[in-house]
Amino acid sequence: MRPPRRAVLLLLPALAACSTAPLRQDRVQLPETARDTGITDPTRSAILSASYVFGQPSSIAGDAAAGAEALARLEFLAVELDVGPRWIGMDPLVPVLLAQGRVEAREAFGLDPAAAPQRAMDALYGAAAALRAGDRPRAVQALVPLTGADRAEAALTRMAAFPYLPRASQALAQARIGMHRMDRDGDRGRFWRL
């Protein structure tokens, strides 16, 4: 005996509410200031440089611009490795770890936890570009959308004394391992092989 059509239709919204599938993120675009890295693939460049900085934060001691760039790269990778079609063979745990690392980083630097990744990237890369041009007031202003006016200066100071963030560091190390594994396997993404 088939259930009445009306009962099935009434159950559909309830079943949809039970879904645990995460919402997909929108793709992000790197600003022009982030593209002049000398490496033709910005995602590979972001994986390599961010995994190094987050793994060895003392390597950028005193360089708030490098700290802002590292944070922006984490923002970029948390989206790109999740939704970028080229990275479909990446270990599916990597985007989850990157999202957790992004939460940890935003909390550590006092950045808005609800900021859209594109807005965060634009602000961080804008602050880095201003610092590299020697314009600290403009760098502070670039961060205001992420921190509020009262916390922007403190965030820049913290970027110059970049702390070790274990979740973000682990996530970026896993992204680097996953990228090398994809290289080895010819982009087939055999992430389950050791």
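Does ALA171 count as of a type outside the set (D, E, K, R) and either in contact (Cβ under 8 Å) with a residue 60 or more places away in the chain or closer than 21 Å to LEU30 by Cβ (or both)? Criteria met by ALA171. For PHE54, are the conditions met, namely being within 28 Å of ARG184 (Cα to Cα), open to solvent by less than 20 Å² (accessible area, probe 1.4 Å) and modelled with pLDDT of 95 or more? Against the criterion (within 28 Å of ARG184 (Cα to Cα), open to solvent by less than 20 Å² (accessible area, probe 1.4 Å) and modelled with pLDDT of 95 or more), PHE54 qualifies. For the stretch 146-159, a residue qualifies if it is part of a helix (DSSP H, G or I), within 22 Å of ALA116 (Cβ to Cβ) and open to solvent by 70 Å² or more (accessible area, probe 1.4 Å), and exactly one does: ARG158.
Open to solvent by 20 Å² or more (accessible area, probe 1.4 Å) and in contact (Cβ under 8 Å) with a residue 40 or more places away in the chain: which single residue out of GLU69, GLU75 fits that description? I'd like the intermediate steps shown before the answer.
Numbers: GLU75 fails: open to solvent by 20 Å² or more (accessible area, probe 1.4 Å).
GLU69 is the lone residue from the list that is open to solvent by 20 Å² or more (accessible area, probe 1.4 Å) and in contact (Cβ under 8 Å) with a residue 40 or more places away in the chain.
For (1) of a type in the set (Val, Ile, Thr); (2) over 16 Å from ILE47 (Cα atoms); (3) at pLDDT 95 or above; (4) out of contact with any strand residue (DSSP E or B) (no Cβ under 6 Å at 6 or more places or on another chain), each residue gets a yes or a no:
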residue	(1), (2), (3), (4)
ALA115	no, yes, yes, yes
ALA130	no, yes, yes, yes
PRO137	no, yes, yes, yes
MET159	no, yes, yes, yes
TYR164	no, yes, yes, yes
ARG167	no, no, yes, yes
HIS180	no, no, no, yes
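The values are calculated or read from the model by the stated rules, or taken from the named source; none is laboratory data. Since the model is a prediction, treat every value here as computed from it, not as a measurement. Note that we place each Cβ from the backbone using ideal geometry, even for glycine, and neighbour counts take in every protein chain shown. What goes into the accessible areas is simple: the full protein's heavy atoms, side chains included, and nothing from ligands, DNA or RNA. Shrake-Rupley method; radii C 1.70, N 1.55, O 1.52, S 1.80 Å.
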